[in-house]
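Chemist: Below is one structure. I have some questions about it.
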Number of protein chains: 2
Amino acid sequence: MEREFLDWLRSHTPCHPCAKLGLNDDAALVSLAGRDEVVVTTDLLTDAVDFQLDKHEPRRIGRQALAANLSDLAAMAAKPLAAFVSLALPRGGGAGYSALELAIALCEGIIPLAAEFDMALAGGDTNTYDGPLALSVTALGTTTGHGPLTRSAGQPGDWLIVTGPLGGSILGHMLDFTPRVREAILLHERYDLHAAIDISDGLALDASRLAAASGCGAVLNLDCIPISQDAIALAESEIESRSANTCDLPTLALRHALGDGQDFELLIAADPTTARQILEDRPINCELAHVGKLVPEPGLWHQLATGDRSPLEPTGWQH
Amino acid sequence: MEREFLDWLRSHTPCHPCAKLGLNDDAALVSLAGRDEVVVTTDLLTDAVDFQLDKHEPRRIGRQALAANLSDLAAMAAKPLAAFVSLALPRGGGAGYSALELAIALCEGIIPLAAEFDMALAGGDTNTYDGPLALSVTALGTTTGHGPLTRSAGQPGDWLIVTGPLGGSILGHMLDFTPRVREAILLHERYDLHAAIDISDGLALDASRLAAASGCGAVLNLDCIPISQDAIALAESEIESRSANTCDLPTLALRHALGDGQDFELLIAADPTTARQILEDRPINCELAHVGKLVPEPGLWHQLATGDRSPLEPTGWQH
């Protein structure tokens, strides 16, 4: 069925100047518009772990797979260039789709998002096998004139900023979010950002990763963490079903905001003056929030009203 | 287990100048040594389709996954730069290995081959799930000063040359072959090659693909196709077990040479003068053989002793 799928794909992917050979050769040739550095990220998503084929539309699943990669490019402030999609399709299809229909539906989610970010769908590999649906997406981008934004150049004293409300993304945001690519490029261009990471595995865990990569620790101010409506909805349903060990709604909702995966907002470190300027300017259409700071001592804490710190568990999605 | 695996990986992958950030950020940053064109190829291999975990050593499986990608780079005469390895590991492991041990063993096959071709293992993604082992490898390369070698610039009259004996690779060659990267770069540098493809799905099928991409047809001379010892061994065992519909050893062996997948030799098109020169010079340590030619009419044929052509089935591995 690979041939039929490729025929479909060729007639549904627009030509793109960066992918010179189309989908017609042993490998893709990607032009970098004069730059000689490429940013590469890859994600492999599997059924029942990252999505549920019996519950989620294949179009949304396909979109999610590319969006997660775009979020990684955003974390590096890279401009998207080209995507490569490899599929391991259940031989007999699934969720009422044949294998071929599944491949097409996944791409019907991928292609519009690629177009939205002016990205070529430049290649891939298609297989059927006796196993659950697995998608591997690789995305290429280029650094802008301001170079890459990394995790590792945060400095003690830097403020930590997030780009939106967190938690509860399992209720839908994880499938439908718009990766913060434009926001990251704009912020990186206008301000002297030190470091960034995308919050894919939970704020607490990803904050501790950014801090560790920068040779620092992080202190979060729990009162300032923006909590999504979905985190509150999840907390409410837990209280209703008595599945949580507390009935304190704010505590439960905060737990989701700290530890749920797949928020795909950015966590950014910048020196206090720059961070204050960003929060004052509000140059992007996001709920920017100052959630904490980097400190010299390795570890993760939360700030107490007394001015002291208390250790905080780096909760989150451990693969 | 991803963290443990990454710890292992970081201590077992040498630093590489082209991968500046190591395995430590949201995405990899690959330097292209001044070139602004990148060649990208990706393969997804699954258990029971491309390999058999209960039969093949994980090290050989890992090696094979990268080697198949290198063969695609070879077909484009591209210099390997960086590889990205994504794993979907059976949650409980397999073949006596835990998921973590499996991930490590796969990489113990990948890392030496990457080193042999001076390639960075620059990133990837690791997951466990309730499914069979699946590996997705993406390889990046750069074109040399002679540009990319494609499938599509063959011309009627071009001779078709293969770089080695074909067929029966299922007996072991498919796992242990050395991709023709160096040979392709050398030939592309010294001679005016028109087109190339790597023989991954069978000579007949891949010859018809190269011809079609070049807007031509192909005529194969069946007497001149180099047949591997493994193709003969397979034919002998079929005769012994009476599983074939003929007892004619040469016919059976030829059928393997034409239609078996995963030879990973190159099929090259060059004008007759250049092709003769290559065959006379023998500039690479391979059994080069002149197996046919391109013709203006689309299709695939074999040459008859009478000088006429007879249609030939494009047998091979259809995904």
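Chemist: For region B:1-32, name all the residues that are in contact (Cβ under 8 Å) with a residue 60 or more places away in the chain, facing chain A (nearest Cβ under 7 Å) and not in a helix (DSSP H, G or I).
Modeler: B:Ala27, B:Ala28, B:Val30, B:Leu32
Chemist: May I pose another question? Go through the residues of region A:234-249 one by one and say whether even a single one is in the same structural domain as A:Leu171 (by TED's automatic domain parsing) and surrounded by 21 or more Cβ atoms within 10 Å (Cβ to Cβ).
Modeler: Yes; the residues of region A:234-249 include at least one that is in the same structural domain as A:Leu171 (by TED's automatic domain parsing) and surrounded by 21 or more Cβ atoms within 10 Å (Cβ to Cβ).
Chemist: Can I ask one more? Restricting to region A:73-97, give me the number of residues that are part of a helix (DSSP H, G or I) and more than 8 Å from chain B (Cβ to nearest Cβ). Steps first, please.
Modeler: Here is the first cut: in region A:73-97, the ones part of a helix (DSSP H, G or I) are A:73-75.
Those still in the list that are more than 8 Å from chain B (Cβ to nearest Cβ) too: A:74.
Number of matching residues: 1.
Chemist: Please work out which residue is farthest from A:Asp50 (Cα to Cα), limiting yourself to region A:195-207 and to residues that are buried (at least 23 other Cβ atoms within 10 Å of the Cβ) and out of contact with any helix residue (DSSP H, G or I) (no Cβ under 7 Å at 6 or more places or on another chain).
Modeler: Once the filter is applied, the top-ranked residue is A:Ala207.
Chemist: Starting from region B:87-105, take each residue that is buried (at least 17 other Cβ atoms within 10 Å of the Cβ) and list its partners that are β-branched (Val, Ile, Thr), counting only C-beta distances under 8 angstrom and pairs at least six apart or across chains.
Modeler: Pairs found: B:Leu87/B:Thr126; B:Ala88/A:Thr46; B:Ala88/B:Thr128; B:Leu89/B:Thr126; B:Leu89/B:Thr128; B:Pro90/B:Thr128; B:Ala99/B:Thr128; B:Ala103/B:Thr126.
Chemist: Now for a different question. Have a look at B:Leu187, B:Leu171, B:Leu175 and point out the one that is surrounded by 24 or more Cβ atoms within 10 Å (Cβ to Cβ) and in contact (Cβ under 8 Å) with a residue 40 or more places away in the chain. Step through it out loud before you land on a result.
Modeler: Working: B:Leu171 fails: surrounded by 24 or more Cβ atoms within 10 Å (Cβ to Cβ); B:Leu175 fails: surrounded by 24 or more Cβ atoms within 10 Å (Cβ to Cβ).
B:Leu187 is the lone residue from the list that is surrounded by 24 or more Cβ atoms within 10 Å (Cβ to Cβ) and in contact (Cβ under 8 Å) with a residue 40 or more places away in the chain.
Chemist: Another question, if that's okay. Checking B:Val162 against (1) away from chain A (no Cβ under 14 Å); (2) surrounded by fewer than 24 Cβ atoms within 10 Å (Cβ to Cβ); (3) β-branched (Val, Ile, Thr), which test does it fail?
Modeler: Tallying (1) away from chain A (no Cβ under 14 Å); (2) surrounded by fewer than 24 Cβ atoms within 10 Å (Cβ to Cβ); (3) β-branched (Val, Ile, Thr), B:Val162 fails exactly one: (2).
Chemist: Output the number of the condition that A:Leu102 fails; it satisfies all remaining conditions of (1) at the interface with chain B (Cβ under 7 Å from one of its Cβ atoms); (2) more than 23 Å from the chain's Cα centre (by Cα); (3) not in a strand (DSSP E or B).
Modeler: Only one criterion is unmet by A:Leu102, namely (1).
Every residue, every condition in (1) more than 21 Å from B:Gly123 (Cβ to Cβ); (2) part of a loop (DSSP other than H, G, I, E, B); (3) small (Gly, Ala, Ser), yes or no:
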residue: A:Ile111; (1), (2), (3): yes, no, no
residue: A:Ala115; (1), (2), (3): yes, no, yes
residue: A:Gly124; (1), (2), (3): no, no, yes
residue: A:Thr128; (1), (2), (3): yes, no, no
residue: A:Leu135; (1), (2), (3): no, no, no
residue: A:Thr138; (1), (2), (3): no, no, no
residue: A:Gly141; (1), (2), (3): no, no, yes
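Chemist: While we're here: Among what's in region A:119-137 and is at the interface with chain B (Cβ under 7 Å from one of its Cβ atoms) and in contact with a Pro (Cβ under 8 Å, 6 or more places away or on another chain), pick the residue that is surrounded by the most Cβ atoms within 10 Å (Cβ to Cβ).
Modeler: Looking at residues that are at the interface with chain B (Cβ under 7 Å from one of its Cβ atoms) and in contact with a Pro (Cβ under 8 Å, 6 or more places away or on another chain), I get A:Gly131.
Chemist: Separate question: Identify all residues within region A:176-233 that are within 19 Å of the chain's Cα centre (by Cα), over 30 Å from A:Asp248 (Cα atoms) and of a type in the set (Lys, Arg); write none if there are none.
Modeler: A:Arg180, A:Arg182
Chemist: How many residues are within 25 Å of the chain's Cα centre (by Cα), assigned to a helix (DSSP H, G or I) and surrounded by fewer than 16 Cβ atoms within 10 Å (Cβ to Cβ) if we restrict to region B:278-307?
Modeler: Here the count works out to 2.
Chemist: Yes or no: A:Arg59 of a type outside the set (S, T, N, Q) and over 28 Å from A:Ala269 (Cα atoms)? If you could, list the steps in order and put the result at the bottom.
Modeler: Details: of a type outside the set (S, T, N, Q): yes; over 28 Å from A:Ala269 (Cα atoms): yes.
Answer is yes for this residue.
Chemist: Scan region B:34-64 for residues that are facing chain A (nearest Cβ under 7 Å) and part of a loop (DSSP other than H, G, I, E, B) and jot them down. Step through it out loud before you land on a result.
Modeler: Taking region B:34-64 first, the residues facing chain A (nearest Cβ under 7 Å) are B:34-44, B:46, B:48-49.
Across region B:34-64, the qualifying residues are B:Gly34, B:Arg35, B:Asp36, B:Ala48, B:Val49.
Chemist: Could you please find all residues in region B:245-260 being acidic (Asp, Glu) and touching a residue at least 24 places away in the same chain (Cβ under 8 Å)?
Modeler: Narrowing region B:245-260 to residues acidic (Asp, Glu): B:248, B:260.
Correct list: B:Asp260 only.
Chemist: Restricting attention to region B:215-233, which residues are in contact with a His (Cβ under 8 Å, 6 or more places away or on another chain) and either under 20 Å from B:Pro156 (Cβ atoms) or at pLDDT below 95 (or both)?
Modeler: B:Val219, B:Leu220, B:Asn221, B:Cys224
Chemist: Would you say B:Asp158 is among the charged types (D, E, K, R) and in contact with a Lys or Arg (Cβ under 9 Å, 6 or more places away or on another chain)? Step through it out loud before you land on a result.
Modeler: On the way: among the charged types (D, E, K, R): yes; in contact with a Lys or Arg (Cβ under 9 Å, 6 or more places away or on another chain): yes.
Yes: the conditions hold for B:Asp158.
Chemist: Go over the candidates B:Asp230, B:Asp263, B:Asp271 one by one and state the one that is touching a residue at least 24 places away in the same chain (Cβ under 8 Å) and in contact with a strand residue (DSSP E or B) (Cβ under 6 Å, 6 or more places away or on another chain).
Modeler: Numbers: B:Asp230 fails: in contact with a strand residue (DSSP E or B) (Cβ under 6 Å, 6 or more places away or on another chain); B:Asp271 fails: in contact with a strand residue (DSSP E or B) (Cβ under 6 Å, 6 or more places away or on another chain).
That would be B:Asp263, the only listed residue that is touching a residue at least 24 places away in the same chain (Cβ under 8 Å) and in contact with a strand residue (DSSP E or B) (Cβ under 6 Å, 6 or more places away or on another chain).
Chemist: Something else: Regarding region B:180-187, can at least one residue be identified that is out of contact with any Pro (no Cβ under 6 Å at 6 or more places or on another chain) and assigned to a loop (DSSP other than H, G, I, E, B)?
Modeler: Yes, because at least one residue in region B:180-187 is out of contact with any Pro (no Cβ under 6 Å at 6 or more places or on another chain) and assigned to a loop (DSSP other than H, G, I, E, B).
Chemist: Moving to a separate point now. Name, by its number, the condition in (1) hydroxyl-bearing (Ser, Thr, Tyr); (2) away from chain A (no Cβ under 12 Å); (3) surrounded by 21 or more Cβ atoms within 10 Å (Cβ to Cβ) that does not hold for B:Thr142.
Modeler: In the conditions (1) hydroxyl-bearing (Ser, Thr, Tyr); (2) away from chain A (no Cβ under 12 Å); (3) surrounded by 21 or more Cβ atoms within 10 Å (Cβ to Cβ), B:Thr142 misses (2) alone.
Chemist: Suppose we filter region B:1-25 for residues that are modelled with pLDDT of 80 or more and touching a Lys or Arg at 6+ places or on another chain (Cβ under 7 Å); how many remain?
Modeler: Qualifying residue count, region B:1-25: 0.
Chemist: Kindly indicate whether B:Leu70 is crowded, with 21+ Cβ neighbours inside 10 Å, more than 9 Å from every other protein chain (Cβ to nearest Cβ) and not in a loop (DSSP other than H, G, I, E, B).
Modeler: Working: crowded, with 21+ Cβ neighbours inside 10 Å: yes; more than 9 Å from every other protein chain (Cβ to nearest Cβ): yes; not in a loop (DSSP other than H, G, I, E, B): yes.
Taking the combined requirement at face value, the residue satisfies it.
The values are calculated or read from the model by the stated rules, or taken from the named source; none is laboratory data. No experiment lies behind these values; they were computed from the predicted model shown. All Cβ positions, even for glycine, are placed from backbone atoms using ideal geometry, and neighbour counts span all protein chains on display.
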